[in-house]
Amino acid sequence: MDPAAYVPDVFDPRIYGAGIPYASYRLLREHHPVAWQEEPEIAGWPAGPGFWAVTRHADVVRVLRDHATYSSWLGATQIRDPDPADLPFLRRTMLNQDPRRGAGDHGRLRRLVSRAFTPARVDAFAGRVRERARTLLAAARDGAEDGAADLVRTVTDEYALLNLTDLLGVPAADRGLLLEWTVRVIGYQDPEDAPAPRLGPDGKPLDPRSPALLGEMFSYARELAAHKRAHPGDDVMTALAEAGLDPAELEMFFFLLTVAGNDTVRSAAPGGLLALAGDPDAYRQLGDGRVPVHTAVDELLRVHPPVLSFRRTAAVDTELAGQPIRAGDKVVVFHASANHDERVFTDPGRLDLGRTPNPHVSFGDGPHVCLGAHFARLQLGVLYEEWRAAMPAPELAGEPRRLVSNFINGITRLPLRVSGRPG
């Protein structure tokens, strides 16, 4: 088959359960950098109108930076179209707003959360993060059967969740709710990871992002904010509760921080350990201090970005990489492809923990660049340092399992050897 004529499917979530389709991405970058993708009905989720897949680094950055041409507000940021009745609701979160577009006030909301999410507040949690990493790794090692443990179940899920809830100021008794809500929203495409979907009157699955399925989370957010106003602390929810947000804005902030804040590290941490298990030579460079941890963190984020794709909608007729795009078309950027673009990264398939510069787009770019990137890097760096200090070189003890999702680059099972001398 002529590769110049063949356009591989990079939409089907089931593809990603088997692994990231790097060969398909490479073919698209080379021959079809802005490629039309069909959206057939899959697993009961309705068909869509199709979209343009953007796979080259320069084009991904252009789309993410040019909010006037490629809008988050017009159709929100997931590939699948929301129910039109839900769109006004989804636009309440700054993730689905554009600077100076529509009724949303992206700049005001971003400034508010930036003041709540200060580097100083994040850095103040560093000691607690390190102690948690040590405790969870020791427990995984001590409780291992036959010298192996599932690091997702024993370490990384708890690590990401408890660090985030500390920063937010969520009471310990309520923390399991945040993981439950995250799995419901993030894992909905995966029949094993997500609970059975709730069906609407038409027999079709309800979108887990719809207001009909987020009422419990929003009620909790209001109750927690009221508690923080009466009992303030040095945490993000206290800062937001005192920031003068209206109830809908507060609810959507809590939704965004709970889901995005948790799943960034929840996906990246096991992904980084899996990458290290696959390259013992690279791990030895980290283990003996030949590469700085902060550069290793960015390279591991490059090869395992937490988010696979984000959608924009063309606000005007335009052209991208020579491809005409009409106003109203969906335009979807693929982060894992951009991070392997040979035009930007030398030998992109190689894990180079000392790679610098490293302009990966794992935290996005432009006005929606991830506000929690500093906290995520802190957690990942501490986890790798503590693994290096206490655990053997990462080695698979069974088959890992990937999340079935075209949105989140999740690992749902990661069996690793945990007995043996550090090294």
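Going by the structure shown, is ARG100 modelled with pLDDT under 90, open to solvent by 30 Å² or more (accessible area, probe 1.4 Å) and within 26 Å of PHE255 (Cβ to Cβ)?
Spelling it out, ARG100 is indeed modelled with pLDDT under 90, open to solvent by 30 Å² or more (accessible area, probe 1.4 Å) and within 26 Å of PHE255 (Cβ to Cβ).
Scan the range 280-317 for residues that are surrounded by fewer than 18 Cβ atoms within 10 Å (Cβ to Cβ) and more than 18 Å from THR356 (Cβ to Cβ) and jot them down.
Correct list: PRO280, ASP281, ARG284, ASP288, VAL316, ASP317.
Give me the pairs: first residue in the range 212-241 and in contact (Cβ under 8 Å) with a residue 12 or more places away in the chain, second residue among the charged types (D, E, K, R) and outside any helix (DSSP H, G or I), beta-carbon distance under 7 Å, and six or more apart or on different chains, which are they?
Going by the 7 Å Cβ cut-off, the qualifying pairs are LEU213/ARG198; ARG229/GLU242.
Taking the criterion of being farther than 30 Å from ASP341 by Cα, in contact with a Lys or Arg (Cβ under 9 Å, 6 or more places away or on another chain) and not in a helix (DSSP H, G or I), would at least one residue in the range 79-92 satisfy it?
The answer is yes; a qualifying residue exists.
Among the numbered criteria (1) buried (at least 21 other Cβ atoms within 10 Å of the Cβ); (2) farther than 24 Å from GLY244 by Cβ; (3) at pLDDT below 90, which single criterion is violated by LEU151?
Here LEU151 meets the rest and fails (3).
Checking the condition buried (at least 19 other Cβ atoms within 10 Å of the Cβ), out of contact with any Ser or Thr (no Cβ under 7 Å at 6 or more places or on another chain) and acidic (Asp, Glu), which residue from GLU386, GLU395 passes?
Matching residue, one of GLU386, GLU395: GLU386.
State which residue is farthest from the chain's Cα centre (by Cα) when the search covers only the range 311-362 and only residues that are of a type in the set (Lys, Arg) and over 27 Å from VAL265 (Cβ atoms).
Checking each candidate, the answer is ARG326.
The values are calculated or read from the model by the stated rules, or taken from the named source; none is laboratory data. Quantities reported herein were computed from a predicted structural model and do not represent experimental measurements. Cβ: placed from backbone, ideal geometry, glycine included. Neighbour counts: every protein chain shown. These area figures cover heavy atoms from the full protein model, side chains too; ligands, DNA and RNA do not enter into them. Shrake-Rupley method; radii C 1.70, N 1.55, O 1.52, S 1.80 Å.
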